[in-house]
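Just below is one structure, and these are the notes that go with it.
The values are calculated or read from the model by the stated rules, or taken from the named source; none is laboratory data. Model, not experiment: these values are computed from the prediction. Cβ atoms come from the backbone with ideal geometry, glycine included; neighbour counts cover every protein chain shown.
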Amino acid sequence: MATAPNIATSCPGGNGIVTAAANATRVQINSGAVIPSGGCSVEVDVVAAEPGNYINHIPAGALQTNFGPNEEPAESPLLISTLGYISGKVFIDREPVPDGIWHAGRSTAIAGNTIELRSGGSCTAGTLLSTTTTDASGNYFFSELPAGTYSVCQVEQLSGTLNSITTEGVINPYNGSTGTVGSASNPDSGTPTSQIVGIVLNNNGNADEVSGSPQNNFSEILPARISGWVYHDRNDDGVRDGGEEGIPNVVITLTGPNGLTKTTTTAADGSWFFDELPPGEYTVTETHPDVWGDGKDTAGSKGGDASTVNDVISNITLVAGDDAINYNFGELLSPDMVLTASAVCDAGVPYVNYSVSSPSPFGRMAFNAAATGSSPAFTISWVTTGGRLADRASNQPASGTLVWPGYQEDEDHHAIAFPGWVLEDEWEQVSDDRRPDMTLVASVGGMELTALVTYPEATRACAAQPSGTFTPPTPIAAPTTTVWGLMLLSALLMLGTWYQQRYRLRIRN
Ligand SMILES: [Ca+2]
Ligand SMILES: [Ca+2]
Ligand SMILES: [Ca+2]
Ligand SMILES: [Ca+2]
């Protein structure tokens, strides 16, 4: 047994159930321990006085347990060499502050990770001498090395982990041989993901007696994640309650350790996240969406300071593997943004004039930001009293005029359809959810303003003329099919009010 034996066991109860003393020749699992079905393993370091190839042999019957002796013999090979070696471990460091040190019971071994041994002091320039993979305990081992300079190179990062501390090993001399520890790093290029280069193993004048270098360790960490929402805090309590919708397209910036800066925008549901984060202290900053009134900000599951600076949540400490949620920015309807809308009739055509406005400086700024530029930002929707979306126009200015949905003209701007009227030999009124009332919804930056508007007149031609001046919008494209009777009707309509009064309008039940 090696001095200060390095014990590891998968048996229930952990390392404490194993007795293995320095220089002893015997390992014991203490009385009272339970061996699970399928067995468990005990690992210890062993030493030998003379170099050579040994087979550790446990004959049948030599292993005594309360349930009887082992029925089959067991063998484990052991090579004792005075040539050089380089070894180490690959593992997940789960300490709150990662230290790159293997902690039995807390760290997790990474098995099957590929490690290359290259000649000289570079993982990119050195000749590949050997490749191995870590065993179930995360250990790798290159042995039988002559004196020389070597580098060990971790080729790939285990999926789902981030680089943490890579540690150069120590030099174990043999009979006065010397050596120099390597230089550990995680190259910025990512090729290889981690390396310990320039490990010098010297002999002592005898080519067969070379120093070794154990504990060249690669530690990794689980990344952290942080997420939250930007939402309409309808009751202004700083809590994202049911029915409080998210606000999309809001810019969120994350700053963190070592100059880390990341930016994202909220999704359609108002959510945002950053992942693959190293441990450290973070700050989340919201770029406040102009058209909204500002609401309360709240730190989430891993704490932080949401009260010192508006729209900033700072002092968020993330440790490896953390999933920090609910870092939320609540917003309010801009109190001084209003939508006004009124229905008008002009030359027999039903229109709505709408306007989004604001008397206050903040509101005007928001309003101007949305209303100007190459693509005005307002979306105007028509919603029936039954909740049906009847029409929608995007990229509209903050004020304008829209034709009532259901009205249509031909290419000569003659009316060929009205909401609630059908032409069957003569115009007949039918039920239509686009009349008499509709809700006009102006949407901008995720905020919705609404106004109820009433069809200007119950007649198809909305005959009562409004007062004031009015500029009609660009005509709507006419249907492709032209009906002769319809054209005649249109021609008659052009003759004016006198003809309009001649049409009999029949109300159908
Ligand atoms: Ca690594
Ligand atoms: Ca709320
Ligand atoms: Ca805000
Ligand atoms: Ca705020």
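Numbers at a glance
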{"read-out": "Residue selected from the range 215-224 under the condition closer than 30 Å to N328 by Cβ and not in a strand (DSSP E or B), by the criterion nearest to ligand 2 (Cβ to nearest atom)", "value": "P223"}
{"read-out": "The range 37-81, subset in a strand (DSSP E or B) and hydroxyl-bearing (S, T, Y), residue surrounded by the most Cβ atoms within 10 Å (Cβ to Cβ)", "value": "Y54"}
{"read-out": "Residue within the range 182-189 that is surrounded by 21 or more Cβ atoms within 10 Å (Cβ to Cβ) and within 16 Å of ligand 4 (Cβ to nearest atom) present", "value": "no"}
{"read-out": "Number of positions in the range 110-152 that are under 36 Å from the mean Cα position of the chain (by Cα) and either in a strand (DSSP E or B) or basic (K, R) (or both)", "value": "9"}
{"read-out": "Matching strands (runs of 3 or more DSSP E) fully within the range 393-448 where at least 2 residues are assigned by TED's automatic domain parsing to the domain that holds A461 and of a type in the set (A, V, I, L, M)", "value": "399-403, 415-417, 421-424, 437-444"}
{"read-out": "Long-range neighbours under 7 Å by Cβ, at least six apart or interchain, first residue charged (D, E, K, R) within the range 252-264, second modelled with pLDDT of 95 or more", "value": "K262/L254; K262/F274"}
{"read-out": "Where a residue in the range 317-333 is outside the structural domain of P279 (by TED's automatic domain parsing) and closer than 30 Å to E95 by Cβ and its partner, wherever it lies, is part of a strand (DSSP E or B) and within 16 Å of ligand 1 (Cβ to nearest atom), with Cβ under 6 Å and at least six apart", "value": "none"}
{"read-out": "Matching residues, the range 213-235, being over 30 Å from G293 (Cβ atoms) and crowded, with 24+ Cβ neighbours inside 10 Å", "value": "S213, N216, N217, F218, S219, E220, A224"}
{"read-out": "Restricting the range 87-109 to residues that are in a loop (DSSP other than H, G, I, E, B) and among the β-branched types (V, I, T), the residue that is modelled with the lowest pLDDT", "value": "V97"}
{"read-out": "Candidates S137, S177 - the one that is buried (at least 19 other Cβ atoms within 10 Å of the Cβ) and of a type outside the set (A, V, I, L, M, F, W, C)", "value": "S177"}
{"read-out": "Selection status of S130, within 10 Å of ligand 1 (Cβ to nearest atom) and either under 21 Å from I92 (Cα atoms) or in the same structural domain as I101 (by TED's automatic domain parsing) (or both)", "value": "no"}
